[in-house]
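Reading through the structure tokens given below for one structure.
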Amino acid sequence: MSSVSTYEIIDHTADLGIIVKGPDVEQLFIRAALAMTELMVKGDSSDIVSTSEVVVQGEDFPDLMVRWLGEILYLFEGEDLIVHSIEIKSIGPVQLQATLTLSSFKPERHQVLREIKAVTYHGISVGKANSGWEARVIFDI
Amino acid sequence: MDFKIKKIDEWRFLIPKTGAMRVPGLIFSSSELMPNIKDDQSLLQVVNVATLPGIVKHSLAMPDIHWGYGFPIGGVAAFRVEDGIISPGGVGYDINCGTRLLTTALFASEVRPKTKALVSALFKEIPTGVGSRGKIRLSKREESEVAVKGASWAVKKGYGTKEDLERTEDQGVMKGADPEVVSDRAYKRGHDQLGTLGSGNHFLEIQSVDEIYDEDTASAFGLFEGQLTVFIHSGSRGFGHQICDDFLKEMATHVRQLGFDLPDRQLACAYIGSDMGKRYLAGMACAANYAWANRQMIMHWTRETFEKSLEVSPNDLKMELLYDVCHNIGKLETHVVDGKKLTLCVHRKGATRSLPPGHPDVPHRYREVGQPVLIPGDMGTCSYILAGSQGAMEESFGSTCHGAGRALSRKQAIKAAKGRAIDRELEDRGIFVQSRGKTTLKEEISEAYKDVSLVVEAVHMAGLAKKVAKLRPLGVIKG
């Protein structure tokens, strides 16, 4: 897993949120996905097992972000796959296409830090900020 | 949105109807709890819920209210079936998250020297599901059966007895479940998580009955002072989380065609009578049933572990289910509002049902005293058993609080726990705790929660439920 500390944790009484920043929208979506992964699991994920093409559709950037992170969460929770790196092929407000490099979750190599139940729409924001892009996402944990 | 808070009496606070609110907000609380509630944005969430179509009487908040996503946690809202909505966010991701309490014939003092070994054995036998999976793997067909049959599926497979079902809310099965509306992703997430505790605030706790407030009701519940009890808190795991998530996403798009504005996207909803509303209800019932089967299996392994660890026979242990209640659910119920009988969809998100004596849905054995209400506190203080009261039927659609409610965010809790060995601190106070992740213990420290005693006092004094007994923790396992 790439080491990214391009996010900060938001204080929210019941749940956990992140504020992510990126120079452009591609980096923002990549960093948000890696940040969420970093909150869920730690360990050596350099042992790549597969790559996967994903297409996510949404109504606008905030909706797209919720659905995109939901995809990454499902891969971990449903398929035991950890995202190692991401290449965004194309992105617009209603669609994102990406290639994910994935490694398998192995209890002997990884430690689950916390279970994220879902990515919520609560207080979601994605947009331009200062010289780059910024997103605010709250997870249910 | 600007709103005011008007104190009605010591235990009730009103948010008068303003702006887009269709009904006023009503908060059950106390002067000690209110300042903390005002600190976060949970009251704004009470106001937001009050704007939703078909809401009846009040947008309600229990004294353990805290800032949730969309709906507040500790919120209750009832909507008319004819023109009202149902919202997955008003039920929560952990559909039928709930608790069950097991009583025994043993005194806690007899078991105290063996608590540490018992906690280790429970930790080994009951999968938390964090970083490892459950003991059983289900095919999609089996999962569909669980989704329809609930706790009775588990009993049929040998996990517990028929008597357990009689002591479970709705006998552990919600009608109207349709496994066809559940996505493959939900089945995939749920296939190896049945019979797992989960993480966060979920736990299994060994306790002793510390104080009895109402002798007659305690006796009807089979409780006595010094008794060893076990409290289980878990839900529908990834199966339920995915079902909520799937429908929220569908409804986020669907709600835009309905012609009303939402103050928060997380409030996405559908009319109860619409195809979308009906499909969600059918999917939610599947998750509710999965949760009941889940808690039933965890209880079965708890019984086995106690018998083995303590070397006692089932007859000597007498580990019986007192009751099982859900505290994240949407239910079609009949209530009398302003003298009229109405069918309503009652959303309880972090709120427990609280049926009074005589209510037909209270099991026969408890009908004279009211439904047992189980209120877990944090892992270092205490939990409570209450009994449902008539006041709840009159004011809160048969609902009361569900727990202590968070006071600190997880980030604040981790900061407060920095440099401390939480497990050792608890052990010094005679509470043995074992947890899969160190982060969980820090996030769940006692200081992170409101004082559960103040919360329980508020619902007792407001007449939403009455205090029966207090329980003290001896040992805890967490995810």
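Below is a table of values for the structure above.
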| item | result |
| --- | --- |
| Distance from segment A:28-55 to segment B:188-256 (C-alpha centre basis), Å | 31 |
| Dipole-positive endmost among B:Ala407, B:Phe397, A:Ser103 within the protein assembly as shown (Cβ charges, Cα centre) | A:Ser103 |
| Length released on extending from B:Val81 to B:Asp428, taking residue separation times 0.36 nm less the Cα-Cα span | 119.6 nm |
| Selection from B:Ala270, B:Met284, B:Leu317 lying farthest towards where the dipole of segment B:266-340 points positive, charges on Cβ | B:Ala270 |
| Test item: Cα-centred dipole of segment B:230-289, Lys/Arg +1 and Asp/Glu -1 on Cβ, debye | 100 |
| Cβ-placed point charges (K, R +1; D, E -1), dipole of chain B about Cα centre in debye, nearest 20 | 1200 |
| Segment B:402-452-segment B:102-119 distance, computed between alpha-carbon centres (Å) | 23 |
| Value of relative contact order over segment B:216-307, rounded to a whole percent, pairs C-alpha under 8 Å and six or more apart | 38 |
| Angstrom value of the Kirkwood radius, inverse mean 1/r, which spans all Cα pairs in chain A | 15.0 |
| Burial ranking of peptide ranges B:237-244, A:58-65 (average Cβ count within 10 Å, highest at the top) | B:237-244, A:58-65 |
| Charge dipole (segment B:92-172, unit charges on Cβ, about Cα centre) - positive-most of B:Gly98, B:Val155, B:Pro127 | B:Pro127 |
| Label-reachable residues, segment B:356-378, where backbone N falls under 16 Å from a point 7 Å from B:Lys341's Cα toward its Cβ | B:359-361 |
| Average beta-carbon neighbours from other chains, 10 Å sphere, peptide A:107-117 | 6 |
| Packing-based ranking, highest mean first, of B:267-274, B:412-419, B:308-315, B:70-77 given that Cβ atoms within 10 Å are counted | B:70-77, B:267-274, B:412-419, B:308-315 |
| Dimensionless Rg/Rh of segment B:32-156 - Kirkwood Rh, Rg from C-alpha atoms | 1.09 |
| Among B:284-291, B:373-380, the order from most to least packed when residues are scored by Cβ within 10 Å on average | B:284-291, B:373-380 |
| Candidate lysines - alpha carbon under 17 Å from B:Lys340, same-chain residues fewer than 8 apart omitted | B:Lys57 |
| Cα-Cα pairs of the protein assembly as shown separated by more than 44 Å (percent) | 13 |
| Candidates A:Ser46, A:Ser103, A:Ser90, ranked by Gaussian network fluctuation over chain A, Cα under 10 Å, top entry | A:Ser90 |
| Cα-Cα P(r), segment B:319-458, percent of pairs per 5 Å interval | 2, 9, 15, 18, 16, 12, 10, 8, 5, 3, 1, 0 |
| Mean Cα-pair separation over length for chain B, i.e. relative contact order, pairs under 8 Å, 6 or more apart, % | 22 |
| Test item: Cα-centred dipole of the protein assembly as shown, Lys/Arg +1 and Asp/Glu -1 on Cβ, debye | 100 |
| Helical contribution to [θ] at 222 nm, DSSP H n ≥ 4, -39,500 (n - 2.57), averaged over chain A, rounded to 500 | -8500 deg cm²/dmol |
| Shielding by partners - mean other protein chain Cβ count within 10 Å, residues of B:409-418 | 3 |
| Per-residue mean of C-beta atoms belonging to partner chains within 10 Å, peptide B:241-252 | 4 |
| C-alpha long axis of helix B:115-125 to longest principal axis of chain B, angle in ° | 60 |
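Bear in mind that the values in this text are calculations on the coordinates, not laboratory data. All figures in this text were calculated on a predicted structure; none of them were measured in a lab. All Cβ positions, glycine included, derive from the backbone under ideal geometry; neighbour counts span all protein chains shown.
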